[in-house]
1. List the residue pairs whose Cβ atoms are under 6 Å apart, where the first residue sits in segment B:174-203 and is more than 7 Å from chain A (Cβ to nearest Cβ), the second is surrounded by fewer than 23 Cβ atoms within 10 Å (Cβ to Cβ) and small (G, A, S), and the two are 6 or more positions apart or on different chains.
2. Out of the helices (runs of 4 or more DSSP H) lying entirely within segment A:19-112, which hold 2 or more residues that are under 13 Å from the mean Cα position of the chain (by Cα) and more than 16 Å from A:L144 (Cα to Cα)?
3. Just to be sure I understand, how many residues within segment B:186-206 are assigned to a helix (DSSP H, G or I) and more than 15 Å from B:V27 (Cα to Cα)?
4. Among the numbered criteria (1) surrounded by 19 or more Cβ atoms within 10 Å (Cβ to Cβ); (2) closer than 23 Å to A:I209 by Cβ, which single criterion is violated by A:I46?
5. Could you tell me how many of the residues in segment B:149-183 are open to solvent by 10 Å² or more (accessible area, probe 1.4 Å) and of a type in the set (D, E)?
6. Can you tell me which of B:N21, B:N60, B:N84 is open to solvent by 20 Å² or more (accessible area, probe 1.4 Å) and modelled with pLDDT of 95 or more?
7. Given the conditions (1) within 10 Å of chain A (Cβ to nearest Cβ); (2) open to solvent by less than 10 Å² (accessible area, probe 1.4 Å); (3) in contact with a Pro (Cβ under 8 Å, 6 or more places away or on another chain), and given that B:S146 satisfies all but one, which numbered condition is not satisfied?
8. Going through B:G83, B:G79 one at a time, which residue ends up being free of Cβ contacts under 8 Å to residues at least 40 places away in the same chain, of a type outside the set (A, V, I, L, M, F, W, C) and touching a Lys or Arg at 6+ places or on another chain (Cβ under 6 Å)?
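The values are calculated or read from the model by the stated rules, or taken from the named source; none is laboratory data. Keep in mind it's a predicted model, so treat the numbers as computed, not measured. Positions of Cβ are backbone-derived with ideal geometry, glycine not excepted, and every protein chain shown enters the neighbour counts. Accessible surface is based on the protein model in full, side chains and every heavy atom, while ligands, DNA and RNA are left aside. Shrake-Rupley method; radii C 1.70, N 1.55, O 1.52, S 1.80 Å.
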2 protein chains.
Amino acid sequence: MKFEVFFSPAAVDELGMRGRNVVIIDVLRATTTICTALRNGAREIIPAPDIENATKILANLSSDARLLGGERQGKKIDGFDLGNSPAEYLPEKVSGKSIIFTTTNGAGAIYKCRYAATALVASFVNMSAIVQTVVEIGGTWTILCSGRQGAFSVEDATCAGMIISEVQALTDVDTEDAGLTAVILYKSFKRSILAMMKKSMHGKYLISIGFEGDLALCSDVDSVPVVPVVSGVSVKLKYPVPDPPPKTVQTT
Amino acid sequence: MKFEVFFSPAAVDELGMRGRNVVIIDVLRATTTICTALRNGAREIIPAPDIENATKILANLSSDARLLGGERQGKKIDGFDLGNSPAEYLPEKVSGKSIIFTTTNGAGAIYKCRYAATALVASFVNMSAIVQTVVEIGGTWTILCSGRQGAFSVEDATCAGMIISEVQALTDVDTEDAGLTAVILYKSFKRSILAMMKKSMHGKYLISIGFEGDLALCSDVDSVPVVPVVSGVSVKLKYPVPDPPPKTVQTT
């Protein structure tokens, strides 16, 4: 198998990703949150590149079972239902809902992959499920790290390195400079993923605004074993959690 | 001291670099070649973002002591005097000359730094000279890796990591995700810089087009101990090699 890694989406556009098999990573926190929301029963996540688009999509959705989620500067956007902490996306809030989702880095990176052949949403929390799916499909893969405002982020690159490293344990892998670097990073941090996050720029920032607990959630390998797949305009589970039984309406 | 690293100039523009102290790296081969040319007596290197600009600058230079140098796809450009191999920039060719220089990655990165407060041109060949200058000036530095067509290149990132690592041996250093990663890369490759280059994407490409010898030149740490500084439109030595004595004109 073959892996190419982009450390940020800055040099990537929709057409460049068209037809590729892609894994998108935004460990802190968008892709971790998407895994959590879908595991907890959300029907779908609709990534939006910006707030204006998110509110337009909201207006166009006929269903009432919809929520707005996302962040700017790590904080919930004014008027939105949910922020970008995986801890907020509880079953009682998200089950059965379509969630329109806009974040600074991850949602935009996913949006850029809407013409990909296959686009999977990955994080440490669904590592083994992603590795298994990638190996099943085989061939050539692009790993797109969301990074931080166009720049490099160590937690995304380490997660990319873990994917390649785990695939290498199963089959032959060919990669390039960035993939090689990601694997070296992962080997350096494999026993201390949480410590690495606490040292990272975005980790430090999240701690400073009160989200230290999220770092523990986001570094908990294989705790949310789902495979979110970009499908048309939204992200859904590859193997959906069954719909909850319809609520019986109590008549008075 | 503080270091910020960019793994490619894709997310960087002239105004973003304005007023900064910058070190520019393009190990394979532009910054190695610039060091070599200046050590061998070139008066100055004038970076040009593209071939059209290079030939315009040539037309506007009044002096006859000028050469065109550079590459596309690693090879000498048609009609140019020199390519981008440090081995070509011999004293008998370059001494006293202004060299207009356009390359795919490095020359453009240098061009983006023309409004920096200080911009130094670095490579493995002038490592200690750069580290000494950076520490003398002190403060906050940006390291701009030229990368490869907007993407990451392992040899530039490793060189950035060596600079930070050598400065760390002398004084306290604060850095961010990319700087931390560069240092980890350097520690992984410090005993095998040449082997790393041979494994790199651009190193493999240069070998494929017949420039394997350049990899040995470009990995020879401290072999060209000069400090090239961007000064206005050109790159010159901080401590210039004395001008050669004027030629006595033979009258017949």
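1. Pairs that qualify, where the first residue is more than 7 Å from chain A (Cβ to nearest Cβ) and the partner is surrounded by fewer than 23 Cβ atoms within 10 Å (Cβ to Cβ) and small (G, A, S), are B:V183/B:S165; B:Y186/B:S165.
2. Counting at least 2 such residues, we get A:30-39.
3. Qualifying residue count, segment B:186-206: 2.
4. Only one criterion is unmet by A:I46, namely (2).
5. Qualifying residue count for the region: 4.
6. Going through B:N21, B:N60, B:N84 in turn, the sole match is B:N21.
7. (1)
8. Result of the check over B:G83, B:G79: B:G83.
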